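The values are calculated or read from the model by the stated rules, or taken from the named source; none is laboratory data. Please read these numbers as outputs of a predicted model, since none were measured by experiment. The protein model used for the area step is the full one, side chains on, heavy atoms only, and it has no ligands, DNA or RNA in it. Shrake-Rupley method; radii C 1.70, N 1.55, O 1.52, S 1.80 Å.
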Amino acid sequence: TWTEFHYWETTMIAGFGGILGILFSIPLRRALIVESPLRFPEGIATAEVLKVGESSGSGIHHIATAGAIGAIFKLGETGFRLWGSVIEQAAYVGGTIVYFGSNLSPALIAVGYIVGLNIAVLVFIGGALNWFVAIPIVASLQEITPDESALDTAAIIWSTQTRYLGVGAMVVGGFWALLRLRTSLIQGIRSGVSAYRQSRK
């Protein structure tokens, strides 16, 4: 049936994507980890945490404090439901939608610190362009039913139309990143082939 075919198609796409990710992670290791401009890439961040565990300093105190704050915030959010994970509000204004919202997760602060100010600003600009520019434009070009709340209408427009702007930007950014990393990628492939030949001797 069509449903079974859809499941198989989704499984094959996911599996193919996973294989590509593994194959690309080998030659891109040097470019994305060893030569990465990020202050704390994932591997280096993990190493730093292990170093803190071996030393007797204030580092452990910082890790414990940050973990406790994150745990309390998450407990209040999902456990006791004292607040939501997102604060947002929208309203119909002049035949379009004006939206404001923000994610309250403290984990995003840590992610912003890891990726750096430049990437964090770019991510913020992308979200702002989508919600503050694209959604109001799309809403003004189509007929809005007053039965739906402004917040629900904005969410529908995002999920069915404007979210693909971000997907397109990610695709272009991915190809551009590969283009910029072509030298490191070629060197990684060559070093991998060389190591394989040495292991066969």
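Here are some notes:
- Three-way shape label, the range 94-134, alpha-carbon gyration tensor, a/c 1.5: oblate
- Accessible-area rank, largest first, for Glu77, Glu48: Glu48, Glu77, with all protein chains present and a 1.4 angstrom probe.
- Fraction of the pair-distance distribution of the range 93-171 above 21 Å, Cα-Cα pairs, percent: 36
- Overall, the accessible surface of the range 148-199 at a probe of 1.4 angstrom is composed of carbon and sulfur to the extent of 66 percent.
- Using θ = phi - 60° in the Karplus curve 6.51 cos²θ - 1.76 cosθ + 1.60, the 3J(HN,Hα) couplings for the range 153-158 round to 5, 4, 5, 5, 4, 5 Hz; x is entered for Gly and Pro.
- Table column - 3J(HN,Hα) (Hz), the range 70-78, Karplus curve with 6.51, -1.76, 1.60, x for Gly and Pro: x, 5, 5, 5, 5, 5, x, 7, 9
- In order along the range 163-170, phi translates into HN-Hα couplings of 5, 6, 4, x, 4, x, 5, 5 Hz, rounded to whole numbers, per the Karplus curve 6.51 cos²θ - 1.76 cosθ + 1.60 with θ = phi - 60° and x for Gly and Pro.
- Across the range 126-195, the volume of the C-alpha convex hull divided among the residues equals 105 Å³ per residue.
- Three-way shape label, the range 43-189, alpha-carbon gyration tensor, a/c 1.5: oblate
- Accessible area of the range 69-201 divided out per residue, in Å², using a probe of 1.4 angstrom: 73
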